[in-house]
1. For the range 132-155, which residues satisfy the criterion of being among the aliphatic types (A, V, I, L, M) and within 23 Å of E112 (Cα to Cα)?
2. From T145, T81, grab the single residue that is over 16 Å from R14 (Cα atoms) and hydroxyl-bearing (S, T, Y).
3. Which pairs do you get when a residue that is open to solvent by less than 20 Å² (accessible area, probe 1.4 Å), found in the range 145-164, comes within reach of a residue that is hydroxyl-bearing (S, T, Y) and assigned to a loop (DSSP other than H, G, I, E, B), reach meaning Cβ atoms under 9 angstrom, with the pair 6+ apart or on two chains?
4. Spot the failing condition for P263; the list is (1) loosely packed, with under 13 Cβ neighbours inside 10 Å; (2) modelled with pLDDT under 95, and only one is missed.
5. Where the second residue is open to solvent by 20 Å² or more (accessible area, probe 1.4 Å) and hydroxyl-bearing (S, T, Y) and the first is farther than 16 Å from S269 by Cβ and lies in the range 201-214, which pairs have Cβ atoms under 8 Å and are six or more apart or on separate chains?
6. Does R268 satisfy the condition of being under 13 Å from A146 (Cα atoms), of a type in the set (K, R), open to solvent by 50 Å² or more (accessible area, probe 1.4 Å) and at pLDDT below 95?
7. Across the range 12-39, what is the total count of residues that are open to solvent by 40 Å² or more (accessible area, probe 1.4 Å) and over 21 Å from the mean Cα position of the chain (by Cα)?
Amino acid sequence: MNAERDEEHPIVPRRVSFDWRGTPLHWIPDEPTATHVINVLHLLLPAGERWFVKVFKEGLPLVTDAGLLKDVKGFMGQEATHSVQHSYVLNHLAEQRLDTDAYTRHVDFLFERLLGEKPPWGIPFPAGKWLLYRLAFVAAIEQFTAVLGDWVLRAEELDRAGADEVMLDLLRWHGAEEVEHRAVAFDMYQHCGGSGAAPYARRIGTMCVTAPVLLWLWTWGAAYLIRHDPQLAGRSRYSLREHNKAIDRGLLPTWRELGSAIPRYVRRSYHPSREGSPRRALDYLATSPAARAAAGAVGRAALGGRK
């Protein structure tokens, strides 16, 4: 497990903060479709990443490897921070008269009830197996977050299009941390009972559910945001044609980039340490305004504590 990691460094949460007061609703100028396709992240991640933390907390007693335990706790801290910061973006959207509650209630139901601590509808699972399925779902979702994280770190066309600097910093800080901890969920699943023929089949099965559900949630979310955007006043609808135009401009990841993540993941020999560039991620975290401010605050607090 650890031998497959290309680089060892501590995974720690960065207590960042962002000032949204100057961020416009269409933070990619003249690109409402690209803006709202990316904005779906803010709809999904607050509930989703709270759920990641809950599932990992349940699994902590199963972790016997000290190095993995440290990584898992760092992962949990990072995901908790991601959830909070994306929640603040939802508040900012609401202040601009784009209310997302009608959509996020369904997301909350998915993670809190359908994927909650007990199997839905009383489905019988052998002791401990439901936790393994949920860990497998986390690993499958993290495959896509790592791909998206690597993409946004490379998406220079967003800068050229004049995208809001604060939103870009949020997305790239988050994306860099997704690349940084890209293997932790997979390693957690493998460690807790994810090796062998049956667990491999579970890994494939959960990806076969995760990929279409995420596509459906993303398309529905983008359509919801565009339909309720007060600046569009109902004049526009989600359009695959407009989505593809944004892809052609480099403002969204290509379908190939996203789709090719699936066959990589289902290979028996696969390990997520091959996803993205940790060096690019760490280089960005060293220059991110929010991450640098958070590191400075930690340093000042440490100096104050030694006085």
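The values are calculated or read from the model by the stated rules, or taken from the named source; none is laboratory data. The structure presented is a predicted model; accordingly, all values stated were derived computationally and were not measured. With ideal geometry, Cβ positions are generated from the backbone for all residues, glycine too; neighbour counts draw on all protein chains shown. For the accessible areas, the whole protein counts, side chains as well, though only heavy atoms, and no ligand, DNA or RNA atoms are used. Shrake-Rupley method; radii C 1.70, N 1.55, O 1.52, S 1.80 Å.
1. Kept after step one, since they are among the aliphatic types (A, V, I, L, M), are these residues of the range 132-155: 132, 135-136, 138-141, 146-148, 152-153, 155.
L132, L135, A136, V138, A139, A140, I141 - these are the residues of the range 132-155 that are among the aliphatic types (A, V, I, L, M) and within 23 Å of E112 (Cα to Cα).
2. On the way: T81 fails: over 16 Å from R14 (Cα atoms).
Going through T145, T81 in turn, just one is over 16 Å from R14 (Cα atoms) and hydroxyl-bearing (S, T, Y): T145.
3. Here the result reads V147/S260, each pair linking the range 145-164 to a residue that is hydroxyl-bearing (S, T, Y) and assigned to a loop (DSSP other than H, G, I, E, B).
4. It is condition (2) that P263 fails.
5. Hits for this filter: R202/Y133; T206/Y133.
6. Values: under 13 Å from A146 (Cα atoms): no; of a type in the set (K, R): yes; open to solvent by 50 Å² or more (accessible area, probe 1.4 Å): yes; at pLDDT below 95: yes.
For R268, the condition - under 13 Å from A146 (Cα atoms), of a type in the set (K, R), open to solvent by 50 Å² or more (accessible area, probe 1.4 Å) and at pLDDT below 95 - is not met.
7. Of the residues in that region, 5 qualify.
This table checks each residue for (1) under 20 Å from the mean Cα position of the chain (by Cα); (2) among the small types (G, A, S).
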{"site": "V107", "(1), (2)": "yes, no"}
{"site": "F125", "(1), (2)": "no, no"}
{"site": "F137", "(1), (2)": "yes, no"}
{"site": "V147", "(1), (2)": "yes, no"}
{"site": "W151", "(1), (2)": "yes, no"}
{"site": "A155", "(1), (2)": "yes, yes"}
{"site": "V166", "(1), (2)": "yes, no"}
{"site": "L170", "(1), (2)": "yes, no"}
{"site": "G205", "(1), (2)": "no, yes"}
